[in-house]
Ligand code: FES
């Protein structure tokens with residue numbers, strides 16, 4: 001039998017503690033049977049307050065869920081979206097996975113690293129930009145891809161990427177290629193990921209034409225996945241794509257530029273973290 005040492009009470013206090021406890025209660029209400037399932041959104045919540053998963057935040061989550069701080073830390077250190085040191089206002093992630101890399105992702109990262117004077121997972125001295133190498137964002141059809149606080153910037157070049165970070169550092173508005181019409185801060189995005197919509201889910205187009213070309217062709221040809229007749233449109237057997245969830249997808253309701261099926265074409269259900277239907281995934 002495993003015994004756990006209860007985490008010491010965290011030093012959050014006053015209005016901040018009251019605010020966090022109110023929001024945490026809303027999160028845990030989503031998981032009445034299994035409160036520990038609320039750990040990931042709780043970590044996003046403390047990150048939205050502190051700009052990273054702070055020791056205080058770890059202790060806060062541990063106390064709420066009856067876990068040890070070691071157990072909470074084990075989860076927080078597993079996922080790269082959770083930062084263990086103060087993050088910049090904007091996380092600029094350059095995809096250097098295979099396709100993006102050969103399409104220019106490595107060159108973009110190198111250019112940004114030199115321009116900003118920081119390396120992977122490092123933040124500029126003004127606290128504006130945290131630069132990262134990131135893995136595939138399921139946007140290979142728009143390679144090379146860069147993400148700013150998990151919003152897409154498609155088909156980047158070293159020059160265009162530098163222009164984006166310069167505008168961000170200057171406080172100028174920057175519009176992602178797809179998705180929301182502007183880029184919010186890292187703390188704001190963390191709050192959305194904690195499950196508190198910012199009301200911008202319907203902005204922009206989530207899935208571009210290239211991403212939907214296969215779906216369109218399949219419809220024109222009447223192609224269906226094996227086994228589809230047995231269980232309707234959702235019988236391909238796969239589960240909903242999860243990459244957008246891993247990279248910080250947004251709440252339901254975003255429009256697409258084309259008709260989307262009433263059921264996911266791949267047989268899954270709507271992504272539970274983002275609320276997007278799979279047809280909206282890039
Ligand atoms: S390899 Fe970059 S989005 Fe897939």
* Asked: Restricting the first residue to the range 32-59 and requiring it to be part of a helix (DSSP H, G or I), which pairs with a second residue that is modelled with pLDDT under 95 and surrounded by fewer than 19 Cβ atoms within 10 Å (Cβ to Cβ) meet a Cβ separation below 6 Å and a spacing of at least six or different chains?
  -> 56/11
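So that you can scan it fast, the table gives a plain yes or no per residue for (1) over 25 Å from residue 204 (Cα atoms); (2) within 16 Å of the ligand (Cβ to nearest atom); (3) within 21 Å of the chain's Cα centre (by Cα):
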{"site": "78", "(1), (2), (3)": "yes, no, yes"}
{"site": "95", "(1), (2), (3)": "no, yes, yes"}
{"site": "145", "(1), (2), (3)": "no, yes, yes"}
{"site": "152", "(1), (2), (3)": "no, yes, yes"}
{"site": "162", "(1), (2), (3)": "no, no, no"}
{"site": "166", "(1), (2), (3)": "no, no, no"}
* To do: Evaluate the following for residue 126: is it assigned by TED's automatic domain parsing to the domain that holds residue 184, over 17 Å from the mean Cα position of the chain (by Cα) and over 21 Å from residue 194 (Cα atoms)?
  => yes
* Is there any pair linking a residue in the range 89-100 that is outside any strand (DSSP E or B) to one that is more than 10 Å from the ligand (Cβ to nearest atom), with Cβ under 7 Å and at least six apart or on different chains, and which? -> 89/127; 89/128; 89/185; 89/186; 96/106; 96/109; 96/133
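The values are calculated or read from the model by the stated rules, or taken from the named source; none is laboratory data. Please read all numbers here as calculations on a predicted model, not as lab measurements. Using ideal geometry, Cβ is built from the backbone for each residue, glycine included, and neighbour counts are taken over all protein chains shown.
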